[in-house]
Structures are given as C-alpha cells and as structure tokens.
1. Please work out if B:VAL148 is more than 14 Å from chain A (Cβ to nearest Cβ), in contact (Cβ under 8 Å) with a residue 24 or more places away in the chain and more than 8 Å from DNA strand C (Cβ to nearest atom).
2. Does segment B:88-104 contain any residue that is at pLDDT 95 or above and more than 7 Å from chain A (Cβ to nearest Cβ)?
3. Taking segment A:103-129 only, how many residues are without any contact (Cβ under 8 Å) to a residue 40 or more places away in the chain, over 17 Å from B:ASN123 (Cβ atoms) and outside any loop (DSSP other than H, G, I, E, B)?
4. Residue by residue through segment B:169-188, note down the ones that are out of contact with any strand residue (DSSP E or B) (no Cβ under 8 Å at 6 or more places or on another chain) and within 8 Å of DNA strand C (Cβ to nearest atom).
5. So, in segment A:173-189, exactly how many residues are modelled with pLDDT under 90 and either over 19 Å from A:LEU147 (Cα atoms) or open to solvent by less than 30 Å² (accessible area, probe 1.4 Å) (or both)?
6. Filter segment A:20-64 down to the residues that are part of a strand (DSSP E or B), among the small types (Gly, Ala, Ser) and either facing chain B (nearest Cβ under 10 Å) or crowded, with 18+ Cβ neighbours inside 10 Å (or both) and list them by number.
7. Across segment A:151-168, which residue is surrounded by the fewest Cβ atoms within 10 Å (Cβ to Cβ) among those that are within 13 Å of DNA strand C (Cβ to nearest atom) and either among the acidic types (Asp, Glu) or farther than 19 Å from A:ASP48 by Cα (or both)?
8. Give the number of residues within segment B:142-169 that are part of a helix (DSSP H, G or I) and either more than 10 Å from DNA strand D (Cβ to nearest atom) or out of contact with any helix residue (DSSP H, G or I) (no Cβ under 6 Å at 6 or more places or on another chain) (or both).
Number of protein chains: 2
Amino acid sequence: MSGKHDLRVANAIDAGEGWHAIARGKGIYEAGQAGGAWRVMLGVVRLDRIGEEGPEFGGLALAGDVIGAETLLLGSYTFAARALTPVMIEPWGAVAERASPEVLLQALTTTEDRAADTLALRNGSPDRRINRLLALMGRGLAHGRKLVRVALPQLRDIAEMTGLTVETVSRTISRLKETGELDVRGNSRERQVWVTVK
Amino acid sequence: MSGKHDLRVANAIDAGEGWHAIARGKGIYEAGQAGGAWRVMLGVVRLDRIGEEGPEFGGLALAGDVIGAETLLLGSYTFAARALTPVMIEPWGAVAERASPEVLLQALTTTEDRAADTLALRNGSPDRRINRLLALMGRGLAHGRKLVRVALPQLRDIAEMTGLTVETVSRTISRLKETGELDVRGNSRERQVWVTVK
DNA sequence: CGGGGTCTTGATCTCAATCAACCAATGTGG
DNA sequence: CCACATTGGTTGATTGAGATCAAGACCCCG
C-alpha cells in the first residue's frame, strides 16, 4: 500500500498502510525539498525555517497536527521537520475530500493555537518554560486525561525551543528531578518523563 | 453597504464598503465574542490568548493576513485582537467562494510563516529583536521595496512581543536613535520610524 | 488644576549566559 | 578487541546583560 506514495521522506520506516515511523532525532524532510503533506499520528515534530544565520526554530507539531501543508500550494516544503520523539506520520491531503473547507479550517485553527503554545514556551522562568513544554508534549499523547509518559527531547532541542542554553536546561531538569517535581526514567540516550495532563 | 455586516467590532469606524478603521491601541474584538473573520488591509494587529494568568501574546497579523478564521468553524473568537498601529480591516470569508481550498491553503501557509516570524522576535539581543520587529512591520506595508514609515507601537506592546521589559525597550530604542540606526519622528503619543525593507 | 498613563533615566541586583572541564556511552578504524 | 574520536549530558566558577525598583518628566483628559 505504502508503495503508492512518493516516499521522499528520509529516515522513514514503512509501517504499512502508508504510515511511517521516524526515530527520535531523525529528520523527516528538509526545506526546499519536494514532497507532500503529512498528519502526525504520534510524537512531537520540530519545524525549522532558514533564517538569516542558518536554520532557526519555527514551530512545533503534535499528534493530530498537519505538517507540510504548504506543499499543496507550492509543491515543496518551506520548513524542515525533525522528530523530537519517536514519531509516526501518515500522508495527508492526497485524497481530494481531505482538502475540504472544513478540514482546512480545522488545520488553520489548530495551527494558530499551536503557534501561541510555542510562543508561550519562551515566557517566564526556566522552570516554567520546561514544565510548559513537557505539558504541551503530554497533551499530544493523552487521549484521556491522566498521567502520560513523554520522551524527553535532546537538551539542545529543549534549549532552542525555550530560548535557554543547554547548561541551564540541564541544571533545571536536574533540580526538578531532585525536588521530585519531575520523574525522569531511562538512561541518558532515551529518557522519559511522567507528566500530568489536565 | 457596510450595514449588511453584523458589526460586533468594537472601536471600529465604518469607512464604507464594509471596511473599518481602528485607531492605534484600540481593541478589535475579544476572545469568546461572536463574530466573523477579517482580512487586515493595513497596519499591524496583535493577537492575545487567555493564558493561565490573564491574556498573553499569541501572535501577530500583518497587512494581507486573515484574522478570526476560527469563527468560521466555532462561531466565536479564540483570540483577542488589538491594533498596534492604525489598522484597516474588511470582512472575510462571508462569501462562499472565498472559503475555497486554495484560499484557505494560502491563509494556512502565511499563518505558519507568520508564526515563525513571531517566534523569531524572541531570539537574540534586544537590538536584534526590536530591529526584527520593525522590519517585520515594515514588510506588511511595503508594496514595492523601499523605505517605509512604520508607526511605533506602545513600548508595553513591544516589550510583550519581544519578551523584554519596557525599560529595556525604552533604553534600546533611545540608543538606536542616538547611534543613528533608527530615525524616530513625532511626539511621544504618535511616533514613527523609518525602516528599510528588503 | 489634579490624576492617570506613557515614557525616560538612574542605581542596584539577580539569574541565566558564558567559559571550561569532565564523564559516560557510542561509534570507528586498525 | 582495543585505542581513539565524537556526541550528549553534567557540573563548577565567573560575569554581565537585562530585570527590578525607584523617581521624575511629560502629556492628555476630566
């Protein structure tokens, strides 16, 4: 089934039915590349735009969000996409009915909302920023309301999203871990955090 | 003509043909309010979302951008909108043809792009942030490429958008003015800056 | 007039950036 | 399989840029 799609997606592992799994830290597509739109089914995707001095953080996409919609208009991506956690995506927008006004309006609305969420990650103390990021990532996973295990992104990514340095992020997480505010598990390569979602 | 529209817009001055002029600093609509979508024809609009502790900055809209599109789906606004500079808006999306997939995709694409622009306002030194903000505001006005006169928002607004304090913004602008990097004109109530757009 | 809002400027302080090591885990090549 | 480089994370010491606190100027409006 998946063979029907033009798979320009790097690092993707075909999981049948057109789904693709991308490992934490791997790129999904690059800016300027030709390709189509995707819906994020699981995990968190980081979007980067080419700024004056190299790529700069330009947005986040959570489970349920659509990425690469600009290709339906332009044919190629304006952002680069990377998986911050293990990610699953499926093609989107290929089917004509999906490009209905209602669906597009829905995508537009969640995009605006997500943009505000992302902006809020750069407000307040390091504690607040990191807690908000984790809460946000948790929302993308929680189907019911409860306790969710969130894969911790690389410190470098957390730093760039929150507008802090890696050192500050490291120190903050260490402190939150000590005070019991955060329950971090796993070895340094693959860490997870328990987050309460409301 | 404009009487046909349901005018829930506060502080709006009917300018004929459904256009509305809003003065610098005035609110356009509030979150939760019923209403429709608008296209910004002139000026810069600040969008705010209700956060955990009061309203927080959630995005920017420049000339050409669509605001309040969520109402086409939800019926009411999720953001509040305020004019940072003198603004003109016209109703959008009421006409069925305007909700075509192409137009919605266009709106979606520019929204994502604008979100990245807004995010970038919180990167780098105060100088860089303020210069980027002014450049961004200039882009919304420049039809050809040239020198553009931009109305300076209130310091409080600049501060909240860039993630700085009013004092830092005041000092930074004063310094840029001294070094000749910025040409600020007008009295304190209504100041303008000359910005080069590329 | 008085009062509230915006802007400006000064003095001080604090917290995150910076600079610098170091460690652990992983990967690489002979 | 071992030496070595690389990458990601941690921790410490120091510093400085921007936050904070405070006061005054200015303007507009009632």
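1. Considered against the rule, which asks whether it is more than 14 Å from chain A (Cβ to nearest Cβ), in contact (Cβ under 8 Å) with a residue 24 or more places away in the chain and more than 8 Å from DNA strand C (Cβ to nearest atom), B:VAL148 comes out as yes.
2. Checked against the condition, which is being at pLDDT 95 or above and more than 7 Å from chain A (Cβ to nearest Cβ), segment B:88-104 yields no hits at all.
3. 10
4. Selection gives B:VAL169, B:SER170, B:ARG171, B:SER174, B:SER188.
5. Of the residues in that region, 3 qualify.
6. Scanning segment A:20-64 gives A:ALA21, A:ALA37, A:GLY51, A:GLY58, A:GLY59, A:ALA61.
7. A:GLU167
8. Counting residues in segment B:142-169 that are part of a helix (DSSP H, G or I) and either more than 10 Å from DNA strand D (Cβ to nearest atom) or out of contact with any helix residue (DSSP H, G or I) (no Cβ under 6 Å at 6 or more places or on another chain) (or both) gives 7.
The values are calculated or read from the model by the stated rules, or taken from the named source; none is laboratory data. Computed from a predicted structure; not experimentally measured. Positions of Cβ are backbone-derived with ideal geometry, glycine not excepted, and every protein chain shown enters the neighbour counts. The area values use the complete protein model at the heavy-atom level, side chains included, leaving out ligands, DNA and RNA. Shrake-Rupley method; radii C 1.70, N 1.55, O 1.52, S 1.80 Å.
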